[in-house]
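Computed from the coordinates by the stated procedures, all read-outs in this text should not be read as laboratory data. Since this is a predicted model, take the numbers as computed values, not measurements. Using ideal geometry, Cβ is built from the backbone for each residue, glycine included, and neighbour counts are taken over all protein chains shown.
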Amino acid sequence: MQKRILIVEDEGSIRDMVAFALRKADMEPMAAADAREAQLAVAATVPDLILLDWMLPGMSGLELARRLRRETLTADVPIIMLTARGEETDRVAGLEAGVDDYVVKPFSTRELIARIKAVLRRSHGDDGSGVIELGGLKIDGPAHRVHAGADTIPIGPTEYRLLHFFMTHAERVYSRAQLLDHVWGGSVYVEERTVDVHIRRLRQTLQPWKLDGLIQTVRGAGYRFSATAA
Ligand code: CA
């Protein structure tokens, strides 16, 4: 089934370029020039994913993302924000609004399509068996073990929890604060720097198998587990 992608972008040339690339990738584009048009489009047909320009006339892309997240109909629809370079520092605000990923302008349509596919493929959890295989890594929840091919990877408890969270939420960027919430739990006070320490240890753990690249740093935003080549 063709995936329906809503493009919310006020620049007609970018809208057309993205729509063309989506059709070529066998996806069905829907288009809106501002937040109001986007809301009307979504009310008519819920898309599989929304590409949302940060700078829109009237309501900003960020505010629209917040509203879409609050609506039952669109709460789970993945959102990729299109941002200009200067807006990168606001990524954390986007993550808190529930944005799934970012693509920085100017982007190649190849890069954009790859990101869209990755977000659409993103695993929301395991298949019920508790075993997840992604990017050459296998994590076995019930056995509490991590494998690369025939090898069992020795891993510390915190790195295991971090990796398990990443692999059940692949292709999605998380800020340090969000990782603290999800992996360490909100009950203890831990500095955000702690996240960096354990990310480093996790990469060192995976390094002998050359799998450390699966844990990506997203500048100004946080970290992501990605099984697609950067
Ligand atoms: Ca714009």
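Using only Cα atoms, what Kirkwood radius does the range 4-124 have, in angstroms?
Here the Kirkwood hydrodynamic radius works out to 14.1 Å.
Please find, in a Gaussian network model of the chain (springs between Cα atoms separated by less than 10 Å), the residue of GLN178, GLN207, GLN216 whose mean-square fluctuation is greatest.
Ranking GLN178, GLN207, GLN216 by mean-square fluctuation puts GLN207 first.
Please give the helix 109-121 orientation as an angle from the longest Cα principal axis of the chain, in degrees from 0 to 90, rounded to the nearest 10.
60
Please identify the chymotrypsin sites (Phe, Trp or Tyr not before Pro) of the range 152-219 that satisfy two criteria: DSSP loop assignment and at most 15 other Cβ atoms within 10 Å. Which are they?
For chymotrypsin sites (Phe, Trp or Tyr not before Pro) across the range 152-219 that sit outside H, G, I, E and B with at most 15 neighbouring Cβ atoms in 10 Å, the list reads TYR189.
Could you pull out every residue, at least 5 positions away or on a different chain, whose amide H is within less than 5 Å of the one on ALA170? Hs are placed 1.01 Å off N in the peptide plane, and Pro or chain starts have none.
Residues meeting the criterion, in which the H sits 1.01 Å from N, are SER123.
Can you work out ³J(HN,Hα) from phi for every residue in the range 22-30, in order, using Karplus 6.51 cos²θ - 1.76 cosθ + 1.60 and θ = phi - 60°, giving whole Hz and x for Gly and Pro?
Karplus values, whole Hz, x for Gly and Pro: 5, 4, 4, 8, 6, 10, 9, x, 10.
Collect residues whose amide H, placed 1.01 Å from N in the peptide plane, falls under 5 Å from the amide H of MET30; neighbours closer than 5 in sequence don't count.
Under 5 Å from the amide H of MET30: ILE5, LEU6, ILE7.
Using alpha-carbon pairs under 8 Å, 6+ residues apart, how would you state the relative contact order of the range 131-225 in percent?
28
What fraction of the DSSP beta bridges in the chain is antiparallel, stated in percent and rounded to the nearest 5?
Roughly 45 percent of the beta bridges in the chain run antiparallel, per DSSP.
Which pairs in the list LYS3/LYS105; LYS138/LYS210; LYS24/LYS138; LYS24/LYS210 are over 26 Å apart, alpha-carbon to alpha-carbon?
Over 26 Å Cα-Cα: LYS24/LYS138; LYS24/LYS210.
Just to verify a number: FRET efficiency for ARG110 and TYR189, C-beta to C-beta distance, R0 = 41 Å, to 0.05?
Efficiency for this residue pair is about 0.40.
Once you mark the GluC sites (Glu not before Pro) that are in a DSSP loop and have at most 15 other Cβ atoms within 10 Å, what is the longest gap between them in the chain?
Excluding the exposed sites themselves, the longest stretch runs over 72-190.
Return the whole-Å distance between the Cα centroid of the range 33-59 and the Cα centroid of the range 156-198.
Cα centroid to Cα centroid, the span is 32 Å.
Along the three principal axes, how long is the chain when you take its alpha carbons, biggest first, rounded to the nearest angstrom?
Projected onto the principal axes, the Cα atoms of the chain cover 52, 38, 32 Å.
Return the sequence-ordered ³J(HN,Hα) values of the range 69-78 in whole Hz as given by the Karplus equation 6.51 cos²θ - 1.76 cosθ + 1.60 applied to θ = phi - 60°, using x for Gly and Pro.
My calculation for the range 69-78 gives 5, 6, 7, 4, 4, 10, 4, 9, 6, x Hz in order.
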